[in-house]
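Right, one structure below, let's go through it.
Just so you know, all these numbers are worked out from the coordinates, no wet-lab data involved. For clarity, every value in this text was computed on a predicted model and none was experimentally measured. All Cβ positions, glycine included, derive from the backbone under ideal geometry; neighbour counts span all protein chains shown.
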Amino acid sequence: MTATLAPRPAVFDDESLRLFEDTLRRFFDTHAPPEALERWREDGVIPRQLWKDAAEAGLLGLTIPEEFGGAGLDFRFEAALIEEQYHRGLDAFGAPLHNAIVAPYIVSFGTEEQKARWLPRMVTGELISAIAMTEPGAGSDLRGISTRARRDGDHYVINGQKTYITNGQTANLIAVVVKTGEGTGSDAISLVFVETDDCPGFMRGRNLDKIGLEAADTSELFFEDVRVPADNLLGESEGAGLHQLMAKLPQERLMIAIQGIAATERALTETIAFARQRKAFGKTILDFQNTQFKLAECKTEATIARVFVDHCIERHLKGELDAATASMAKYWVTDTQCRIIDECLQLHGGAGYMLEYPIARMYRDARVQRIYGGANEIMKLLIARTL
């Protein structure tokens, strides 16, 4: 069991949260044992059965209001789900994206009809969601997208291509970032939802071959004259997409920081255990002063990261987490994550380069953290604007 590195603030001292954490541990012990994780890496996708099992266990729709079938919980429970996944190496399961990235767009900006149509089916796992922002020619700069939704009577006709889409092979409810206006102004972008089951013109491309996160189905998506009801436009008017995205990106970036600290804690736990049992020159590796100093530095930095992340969660629960602070958490924690995991791999010696050791997989999986959710260079730009 991976322990956190610092005492948690009082806001986490909650019996219902502790019971939920116990539920998560039992669920993943039963449904996602290490041998299953290895099989899913080889398959390149998390099976739909895990999504069904998660729905039956009440793990989907944690913060969706109870009136739509969700648990009506707060963000602490989403954070607990993320941490449990990353503490055990289940980084590839896209439930946090489904729960805490896509669902909040519908909860906050959807019409009552949209909420009633989509949210209950997201809770049951009938609908698995994704959000399609990135294109081959547009990443962090969403104003540069070319995918377009043209109004045609009571429908939108969507044409374009998306790439690097998490849950791309599995999702059947996709929030597509599209242009509905001309130019690059903030009023040119909208979010249109596409239900992909029996959807002519929608095609899934390759399940992309990545450096890490092999079990995550990260895909290309193609839209060729895809017709969807005009009621699938998120909200009630065109041109609100950029505002909607900007309102929810701080939570997404906080989630990435939570992923980062949980993975870092796992790396330290694995490395300390390795250093205690591996011997060289008649002593354990942990007996060497260099090892002690390196791990002391790593533990200190990781503890600072944990305290900062918990502080951000507290602010977010109060509705006070601003975009700049979320950007600080995303960039600094993920940079720290990659640096500490690199140090931990080095302390493993040659074993650290072997994929049979968890630290090798963590090294590969960590690298994308500095890229998705907005590259860390973009995070610094956002912070700089507040100077």
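Averaged over all directions, how much area does the convex hull of the C-alpha atoms of the range 129-239 cover when projected, in nm²? Averaged projected area of the range 129-239's Cα convex hull equals 6.8 nm².
If R0 equals 45 Å, the separation of the Cβ atoms of Asp22 and Asp187 corresponds to a calculated FRET efficiency of about 0.40. In vacuum, with every alpha carbon of the range 243-384 counted as one equal point scatterer, what does the Debye formula give for log10 I(q)/I(0) at q = 0.17, 0.20 Å⁻¹? Two decimals, please. The Cα Debye sum returns log10 ratios of -0.87, -1.08.
Under a 5 Å amide H cut-off, with hydrogens placed 1.01 Å from N, Leu234 pairs with Leu191, Val192, Phe193 among residues at least 5 apart or on other chains. Couplings 3J(HN,Hα) of the range 46-53, computed from phi: 7, x, 4, 4, 5, 4, 5, 4 Hz, in residue order, whole Hz [Karplus 6.51 cos²θ - 1.76 cosθ + 1.60, θ = phi - 60°; x for Gly and Pro].
Pulled fully out, how much extra length does the chain show between Glu113 and Ile272, if you take 0.36 nm times their separation in residues and subtract their Cα-Cα distance?
Numbers: separation 159, 0.36 × 159 = 57.24 nm, distance 5.24 nm.
Contour length minus Cα-Cα distance gives 52.0 nm.
The convex hull defined by the C-alpha atoms of the range 161-218 has an orientation-averaged projected area of 5.1 nm². Overall, the chain carries a charge dipole of about 1260 debye about its Cα centre when +1 sits on the Cβ of Lys and Arg and -1 on the Cβ of Asp and Glu, all other atoms neutral. If you plug the beta carbon distance of Ser146 and Ala324 into 1/(1 + (r/R0)^6) with R0 = 30 Å, you get a FRET efficiency near 0.55. Cross-link partners among aspartates and glutamates for Lys318, C-alpha distance below 14 Å, same-chain residues fewer than 8 apart left out? Answer for Lys318, where 14 Å is the Cα cut-off: Asp74, Asp310, listed by chain and number. For the peptides 51-61, 124-134, the ranking by packing is 124-134, 51-61, with the highest mean count of neighbouring Cβ atoms within 10 Å listed first.
3J(HN,Hα) along the range 11-19, derived from phi through the Karplus expression 6.51 cos²θ - 1.76 cosθ + 1.60 where θ = phi - 60°, amounts to 4, 8, 7, 9, 4, 5, 5, 5, 5 Hz, with x in place of Gly and Pro. Close amide-amide hydrogen proximity is noted between Ala138 and no other residue 5 or more places distant or on a separate chain, at a cut-off under 5 Å (H modeled in the peptide plane; Pro and chain starts excluded).
The H on the amide N of Val226, modeled in the peptide plane, is under 5 Å from the matching H of Ile158, each at least 5 residues off or on a different chain.
Charge dipole of the range 209-251 (Cα centre as origin; +1 on each Lys and Arg Cβ, -1 on each Asp and Glu Cβ, all else neutral): 240 debye, rounded to the nearest 20.
The angle separating the long axis of helix 112-124 from the principal Cα axis of greatest extent in the chain is about 40 degrees. Note on the range 10-124: the alpha carbon radius of gyration divided by the globular reference 2.2 N^0.38 Å gives 1.08. Couplings for the range 248-256, taken from phi via the Karplus curve 6.51 cos²θ - 1.76 cosθ + 1.60 with θ = phi - 60°, read 9, 4, x, 5, 4, 6, 4, 4, 5 Hz in order; Gly and Pro are left as x.
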